[in-house]
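One structure is given below, encoded as structure tokens.
The values are calculated or read from the model by the stated rules, or taken from the named source; none is laboratory data. Source: prediction; values computed, not measured. In this analysis, Cβ positions are derived from the backbone assuming ideal geometry, glycine residues included, and neighbour counts consider all displayed protein chains. The protein model used for the area step is the full one, side chains on, heavy atoms only, and it has no ligands, DNA or RNA in it. Shrake-Rupley method; radii C 1.70, N 1.55, O 1.52, S 1.80 Å.
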Amino acid sequence: MKAICATDLSAASEATIENETCLECLGRIGVEEIHLVTVIPSNVHAGMPGIDFEERREQALARYRRVIENAGFDTEAHVVRGTPHRRINGIAEAIGASLTVVGSRGKSPLENRVIGSTARNLARTTVVPLLVNRIERGAEEPDIVREHLFQRMLYATDFSENADRAFEAFSYLRHATQEATLVHVETPKDPGLPEEDEEPKARLEALASQLEDWEIETRTAVRQGDPADEILAAEAEYEPTTILIGSRGHSRLRRLLLGSVSEDVVARADGNVMLVPPDRMA
């Protein structure tokens, strides 16, 4: 597997790249090659007063490469110019990446700036599974909020096709996962949705049996209420290291009017979130 590690040379990016536990977790799920990607925004120029981007970037990337190579990964660096999320997605697609990792500060008091703009835009547009690695706020040398990325997973499903696609990620995550909580939130049905032919609890139990065959200790929970609120309440209750969720639900109209549940979870979660996008070939 190949992974993109997007870095803007910030403290949040550095915390993700230099954390040995995070790198070990990536190795456990089969990542062998890590591509460092840093994007220079189009409006930033090397000649701007008081700014030496070139030297700072070269020093940082050289240090990051040494850390990643010492952890046993093949490493390549890409320095490109443009809109960060578009260029990151483009490189991920071009190299056949299986995962994009981006470090993001924790929740902000300003609701419309809860996560960095690049992480937020990637959550909306990513072409490969996206791992938002949560970094503590308000520290000059921040730490990772949840170090063991995939040890305790909270999988949220609305039983849509893309939720099923997210569940398939356990085929490789299982090598680093010890516990999993499977959650479904019951809500009033959107107009035109088919009736479910099985009770949610039974459907969750069927998924749980697959994970238990892989010796993952599993629990299930059916909750009622607003999907994003209840997923975040489940995060507070079970304290997973990462939330796993598909990036689209059933209702296109609901997504257009209210924004997707997955984007809300990425923005508001206390810990890491792994977002699995739709199959682009579907």
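Checking Ala11 against (1) open to solvent by 10 Å² or more (accessible area, probe 1.4 Å); (2) closer than 26 Å to Thr125 by Cα; (3) of a type in the set (A, V, I, L, M); (4) modelled with pLDDT of 85 or more, which single condition isn't satisfied?
(4)
Of the residues Asp158, Asp197, which is touching a Gly at 6+ places or on another chain (Cβ under 9 Å), assigned to a loop (DSSP other than H, G, I, E, B) and either open to solvent by 70 Å² or more (accessible area, probe 1.4 Å) or at pLDDT 85 or above (or both)? Step through it out loud before you land on a result.
Values: Asp197 fails: touching a Gly at 6+ places or on another chain (Cβ under 9 Å).
On inspection, the qualifying residue turns out to be Asp158.
Being under 17 Å from the mean Cα position of the chain (by Cα) and of a type in the set (Ser, Thr, Tyr) is true for just one of Ser171, Ser160. Which residue is that?
None of the others qualify; the one that does is Ser171.
In region 116-130, which residues are under 12 Å from the mean Cα position of the chain (by Cα), more than 13 Å from Glu263 (Cβ to Cβ) and not aliphatic (A, V, I, L, M)?
Correct list: Pro129 only.
Kindly provide the set of residues from region 14-35 that are outside any helix (DSSP H, G or I), open to solvent by less than 30 Å² (accessible area, probe 1.4 Å) and either touching a strand residue (DSSP E or B) at 6+ places or on another chain (Cβ under 7 Å) or of a type in the set (Asp, Glu) (or both), ordered by number.
Asn19, Val31, Ile34, His35
What number goes with the only condition from (1) modelled with pLDDT under 85; (2) among the hydroxyl-bearing types (Ser, Thr, Tyr); (3) open to solvent by less than 20 Å² (accessible area, probe 1.4 Å) that Thr38 does not pass?
Of everything listed in (1) modelled with pLDDT under 85; (2) among the hydroxyl-bearing types (Ser, Thr, Tyr); (3) open to solvent by less than 20 Å² (accessible area, probe 1.4 Å), Thr38 misses just condition (1).
In region 200-233, what count of residues is obtained for those that are of a type in the set (A, V, I, L, M), over 14 Å from Glu179 (Cα atoms), touching a helix residue (DSSP H, G or I) at 6+ places or on another chain (Cβ under 8 Å) and in a helix (DSSP H, G or I)?
Final tally of qualifying residues: 3.
Small (Gly, Ala, Ser), modelled with pLDDT of 90 or more and within 19 Å of Glu186 (Cβ to Cβ) - does that describe any residue in region 247-267? So that I can check it myself, show each step before the final result.
Let us first name the residues in region 247-267 that are small (Gly, Ala, Ser), namely 247, 249, 251, 259-260, 262, 267.
Then drop every residue that is not modelled with pLDDT of 90 or more, which leaves none.
No, region 247-267 has no match at all.
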